[in-house]
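Undergrad: Here's a structure for you.
No lab work stands behind these numbers, since they all come straight from the coordinates. Worth saying up front: this structure is predicted, and the values here are computed from it rather than measured. Neighbour counts are summed over all protein chains in view; Cβ atoms, including those assigned to glycine, are modelled from backbone coordinates with ideal geometry.
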Amino acid sequence: MSIKKRDEWGILEATYMLSNREITREDWLEECFPPWGTYINQQMEEAVVPKGKAYLWWFGGPSWGMKTPSEIFLIDNYAGPSMVTRYENSGDCQSTGADRLHWIRLNPQVIDIWKFKRMDFLFITHHHADHCDIYTVKALLATTQAKFIGPKMTVGVLKGWGVPEDRIIEVKPGDKLSFNSMEVVVEENFDMNAVKTTVGLPKGMGNAFTMADAAVSFIFNTDAGNFAFLGDGTYDNGFFGVGQRNKVDVTILNMGHNPAGSNDKLTPFDAYRIGKALNTKVLIPDHYENWGCTYMEPDQLETTVRQNDPRMKTVILKPGALFVYPDHEDIGRYKYPDWQERFDWRKARYTLEKQ
């Protein structure tokens, strides 16, 4: 009698896990990774987004999925492991003087990047490996018709990976892209570490780049509201101009711990300052929980915003969270489902006696 291996979400059955069988290292990797199976993939693909709503999924780190009534796409998705960067090829190392930095991944891989049946776009704010991710690009290139959208240096990396010209859209601040149920405004970003990072660029691109070549912000204007994704942007007064040019309802930006001598992530106060500059209603931090060296507890942002502008709302999500706007703007903190709706007191066994 065969034992069922996975359920409809691609999650391993406990009965199968307890069955005796030969296991190789390859079996272990295939059966245990990704640990969430295709639960989020299916949730995204099956979601029917009504007019006046937008659905966002946070995968952890800088990685997001979004669905409007007509489009489904990813933003800065990272499906890779821990990594080490070195002085000769990393803006972060050059900014700190470190010969090398180890980025130890903490967050789970909550999607199977090879198992999407449809993906319309991958938006990439800049070309760092955890935002412009080869695992994501190669998977979407092979399994979907997704277009890849990013600034000049990102496009250079994509071309070096063999992405065809007709699958690439190069953008710069000031550009606007119109789709069925949204308009995407490409805005300025301020990411000095991205400008300094030239690894992965094809020969012939040179090494003199502007901020616009290196990084952009994306503002997704929908009938539910307008969502700004700022990638790894650090504080700059230029964000005030972004706020004057655009109406922003939800701002998603990086945050994290900066050891002395480092300026890799936004501090909670600078994250708040950007939210204020954009006149945002809702501020959602990311990237604070996925690398060991920049890990930070998000309550510091909640305290900072509450003390400085109680009208601004913060939302703290967890990897795999679904955020529905505007329905969830007041949730404060996301809570994972506990499946209580599946409980049935009539079948519950409260003792060890046979029933």
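Undergrad: Quick check on the chain: helices-only [θ] at 222 nm, where DSSP H runs of length 4 and up contribute -39,500 (n - 2.57) each and the sum goes over total residues. Nearest 500, please. It would help to have the intermediate numbers written out before the result.
TA: Values: 11 runs with 82 residues, N = 355.
About -6000 deg cm²/dmol.
Undergrad: Which whole number in µm²/s is D for the stretch 39-333 by Stokes-Einstein, with the Kirkwood Rh taken over Cα pairs at 20 °C and 1.002 mPa s? Let's see the in-between values first.
TA: Working: Rh = 19.0 Å.
Here the translational diffusion coefficient equals 113 µm²/s.
Undergrad: If contacts are Cα pairs under 8 angstrom and at least 6 residues apart, what is the relative contact order of the chain in percent? Don't skip to the end; give the middle numbers.
TA: Numbers: 740 pairs, mean separation 55.2, N = 355.
So the answer I get is 16 percent.
Undergrad: Still on this structure, I have one more. Quick one: which residues, 5+ away or cross-chain, put their amide H under 5 Å from the amide H of G61? H built at 1.01 Å from N.
TA: H287, E289, N290
Undergrad: Mind listing which trypsin sites (Lys or Arg not before Pro) in the stretch 118-169 are in a DSSP loop and have 16 or fewer other Cβ atoms within 10 Å?
TA: R118
Undergrad: Could you give me the ³J(HN,Hα) list for the stretch 295-308, computed from phi with Karplus coefficients 6.51, -1.76, 1.60 and θ = phi - 60°, whole Hz, x at Gly and Pro?
TA: 4, 8, 6, x, 5, 5, 5, 4, 5, 4, 5, 4, 6, 9
Undergrad: Give me W114, W36, W339 sorted ascending by neighbouring Cβ count inside 10 Å, so fewest comes first.
TA: Values: W114 16, W36 19, W339 7.
Ascending Cβ contact count within 10 Å gives the list W339, W114, W36.
Undergrad: Sticking with this structure for a sec: Would you calculate the separation in nanometres between label points at R306 and Y87, each defined as 7 Å from the Cα along the Cα-to-beta-carbon direction?
TA: Distance between label points: 4.4 nm.
Undergrad: Springs between alpha-carbon pairs under 10 angstrom, Gaussian network model over the chain: which of G60, G231, G261 fluctuates most?
TA: G261
Undergrad: Which of these, K67, K53, K265, has the largest mean-square fluctuation under a Gaussian network model of the chain (Cα springs below 10 Å)?
TA: Maximum fluctuation in the GNM of the chain, among the listed residues, is at K53.
Undergrad: Something else: Report the label-to-label distance for K51 and A14 in nanometres (one decimal), using points 7 Å from each Cα along the Cα→Cβ vector.
TA: 4.6
Undergrad: Among DSSP bridges having both ends in the chain, what percentage is antiparallel? Round to the nearest 5. Numbers along the way, then the final one.
TA: Working: 35 of 55 bridges.
If I count the DSSP bridges inside the chain, around 65 percent turn out antiparallel.
Undergrad: For the stretch 275-354, which trypsin sites (Lys or Arg not before Pro) are both in a DSSP coil and crowded by at most 10 other Cβ atoms within 10 Å?
TA: Values: sites: K276, K281, R306, R311, K313, R333, K335, R342, R346, K347, R349, K354; in loops: K281, R311, K335, R346, K347, R349, K354.
Those satisfying the criteria are R311, K335, R346, K347, R349, K354.
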